[in-house]
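Below: the structure, in structure tokens.
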Amino acid sequence: MIGIDNIAFATSDYFIDMKDLAESRGVSVDKYYIGIGQKQMSVIPPNEDIVTLGYSAARQILDKTDDIGLFILATESSVDQSKSAATFLLNFLKLPSNCVAYEIKQACYGGTAALFSAFDYVAMNPGKRALVIASDVARYPINTPGEATQGCGAVAMIISENPRILSINRATGVYSSDSLDFYRPNFTEEAIVDGALSARLYIKSLKNCLTDFTSKSNIKIEDIDYFCYHTPFVKMATKAHSHIDTAGQRNIDKTLIYNSIIGNTYTASLYLSFISLLDNIETDLSQKIIGFFSYGSGNVGQFFTGQIVDGYANLSKKPYNIATLKNRQKLSVKEYEMMIYEKISLYTQKNKLVVRKSNPRSYDFAN
Ligand code: CAA
């Protein structure tokens, strides 16, 4: 058995309420709350990026590092075209120098590409473990349809033999095709997106992945107890699920709680949805089969399954996760615009808002 031995997420310390954004943009709040399905959105300050988010997620699960032989960082919001962000983290996380560390990219699919590369590495190297971090900042231009589907966050996972949370089945369904539904060329910090096309291709990819999956796997779709989706926004996941669960019997609400208040985390989003399920379902998930759909624009999709391991709940980080989300500071739309679009940090000191320019590379990991 190979799979997820431990998993944790991190997001930024700031958020906006989608009601405030709706009012500011002159759209009905129901469009965001119901039509898109988002209640809040995490906002990244200029002194944070995929490295700081990835660090905050990984430090929760790295008990020992000497048997980590592979570290893959998946992202589509990297800080450098050459030096991988994994090499910053190799240092900050004190990973061994004989660990291979690199960055991987295929839009939001990158996290899954990293997970399966890690799976194969562990299969080839008995006794070794792999670290996967999916970390992203979802950015769209101000006052565009995409603006309401931003967010930021990271998920870190240890992949090992005899995993304590999820045993992954190697039989998967995949579908790849060349499209320009969503992409970010070097000249722009924000994604260029054809929203309607991207949503259509997401569904097309899901259908094709399921066809491929059912032709290869012994597990039938009816055998799957819960489904987790790549969640660019909640409504996309619920629409996708309606294609699988036509009888409406396998509710996915619990998988969407964290995504609905953090927003899109690109590569991390599917795995955030899994953590949301682990933390929020009341039923014992032991031995349950989980289906996962990963989609990355451009585009590559993959459907796979895993089985929850007995005792998984011993690794729960629910109290920490709830506190992390509760302790985020609410921003006004003006403050959010300053942070994201003018790159000015806002620090609250003694109830007074202090505005200062910050150095995006001043990685400060004070606990
Ligand atoms: N009350 C309730 N619902 C309302 C409403 C109201 N007052 N007003 C509008 N709505 C509904 C609409 O009917 C629509 O619902 P349906 O999709 O069920 O028809 C929904 O709200 C959205 O409305 P629009 O279609 O008018 O939305 P929009 O033009 O503002 O754009 C979007 C929505 C395309 C998702 C846009 O936010 C976007 O481009 N986002 C980025 C791209 C994206 O996330 N694509 C997802 C697939 S690609 C992917 O998954 C990779 C990735 O992470 C990016």
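The values are calculated or read from the model by the stated rules, or taken from the named source; none is laboratory data. Quick caveat, the model's predicted, so the values are computed rather than measured. Note: ideal-geometry Cβ built from the backbone for every residue, glycine included; neighbour counts use all protein chains shown.
Consider GLY173 carefully, then state whether it is within 16 Å of the ligand (Cβ to nearest atom), surrounded by 21 or more Cβ atoms within 10 Å (Cβ to Cβ) and not basic (Lys, Arg). Show your work before the answer.
On the way: within 16 Å of the ligand (Cβ to nearest atom): no; surrounded by 21 or more Cβ atoms within 10 Å (Cβ to Cβ): yes; not basic (Lys, Arg): yes.
Here the answer is no, as GLY173 does not meet what is asked.
Residue by residue, here is whether (1) surrounded by 24 or more Cβ atoms within 10 Å (Cβ to Cβ); (2) away from the ligand (no atom under 15 Å from the Cβ); (3) free of Cβ contacts under 8 Å to residues at least 40 places away in the same chain; (4) on the phi < 0 side of the Ramachandran plot holds:
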site: THR87; (1), (2), (3), (4): no, yes, yes, yes
site: ILE104; (1), (2), (3), (4): no, yes, yes, yes
site: TYR109; (1), (2), (3), (4): yes, no, no, yes
site: MET124; (1), (2), (3), (4): no, yes, yes, yes
site: LYS128; (1), (2), (3), (4): no, yes, no, yes
site: SER135; (1), (2), (3), (4): yes, no, no, yes
site: ASN143; (1), (2), (3), (4): no, no, no, no
site: ALA148; (1), (2), (3), (4): no, no, no, yes
site: ALA156; (1), (2), (3), (4): yes, yes, no, yes
Practice problem: From the list LEU285, LEU270, pick out the single residue that is at pLDDT 95 or above, over 20 Å from ASP13 (Cα atoms) and surrounded by fewer than 24 Cβ atoms within 10 Å (Cβ to Cβ). | Solution: LEU285
Quiz item: Which ones in the stretch 12-71 are away from the ligand (no atom under 16 Å from the Cβ), polar (S, T, N, Q) and under 21 Å from the mean Cα position of the chain (by Cα)?
Solution: SER12, ASN47, THR52, SER56, GLN60
Quiz prompt | Residue satisfying condition, being modelled with pLDDT under 95 and among the polar types (S, T, N, Q), within set THR75, THR65 | solution = THR65
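Residues in the stretch 250-263: is at least one over 21 Å from SER316 (Cα atoms), within 16 Å of the ligand (Cβ to nearest atom) and in contact with a strand residue (DSSP E or B) (Cβ under 7 Å, 6 or more places away or on another chain)? Write out each step before concluding.
Kept after step one, since they are over 21 Å from SER316 (Cα atoms), are these residues of the stretch 250-263: 250-251, 263.
Subsequent filtering for residues that are within 16 Å of the ligand (Cβ to nearest atom) retains 263.
Imposing the further condition that a residue be in contact with a strand residue (DSSP E or B) (Cβ under 7 Å, 6 or more places away or on another chain) reduces the set to 263.
Yes.
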Quiz item: Looking at the stretch 186-211, which of its residues are without any contact (Cβ under 8 Å) to a residue 40 or more places away in the chain, part of a helix (DSSP H, G or I) and more than 8 Å from the ligand (Cβ to nearest atom)?
Solution: LEU197, ARG200, LYS204, LYS207, THR211
Quiz item: What's the number of the condition ALA191 fails, among (1) modelled with pLDDT of 95 or more; (2) farther than 22 Å from ALA57 by Cα; (3) surrounded by 15 or more Cβ atoms within 10 Å (Cβ to Cβ); (4) hydrophobic (A, V, I, L, M, F, W, C)?
Solution: (1)
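With respect to PHE227, is the statement that it is in contact (Cβ under 8 Å) with a residue 60 or more places away in the chain and outside any helix (DSSP H, G or I) true? Please lay out each step first, then the result.
Values: in contact (Cβ under 8 Å) with a residue 60 or more places away in the chain: yes; outside any helix (DSSP H, G or I): yes.
So PHE227 fits the description; yes.
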Quiz item: Any idea which residue in the stretch 264-293 is farthest from the ligand (Cβ to nearest atom), counting only those that are in contact with a strand residue (DSSP E or B) (Cβ under 7 Å, 6 or more places away or on another chain) and either of a type in the set (Val, Ile, Thr) or more than 22 Å from ARG164 (Cα to Cα) (or both)?
Solution: ILE289
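Here is a list: ILE257, ILE322, ILE290, ILE244. Which entry is crowded, with 21+ Cβ neighbours inside 10 Å and among the aliphatic types (A, V, I, L, M)? Break it down into steps so the answer makes sense when it comes.
On the way: ILE257 fails: crowded, with 21+ Cβ neighbours inside 10 Å; ILE322 fails: crowded, with 21+ Cβ neighbours inside 10 Å; ILE244 fails: crowded, with 21+ Cβ neighbours inside 10 Å.
None of the others qualify; the one that does is ILE290.
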Quiz item: Taking the stretch 313-324 on its own, how many of its residues are part of a helix (DSSP H, G or I), within 20 Å of GLU282 (Cα to Cα) and either among the β-branched types (Val, Ile, Thr) or under 20 Å from the mean Cα position of the chain (by Cα) (or both)?
Solution: 7
Self-check item: Scan of the stretch 34-68 for residues that are over 21 Å from GLY146 (Cβ atoms), touching a helix residue (DSSP H, G or I) at 6+ places or on another chain (Cβ under 9 Å) and surrounded by fewer than 20 Cβ atoms within 10 Å (Cβ to Cβ), ordered by number
Solution: ARG59, GLN60, ILE61
Self-check item: Count of residues meeting criterion [touching a Lys or Arg at 6+ places or on another chain (Cβ under 9 Å) and either assigned to a helix (DSSP H, G or I) or modelled with pLDDT of 50 or more (or both)] in the stretch 325-367
Solution: 7
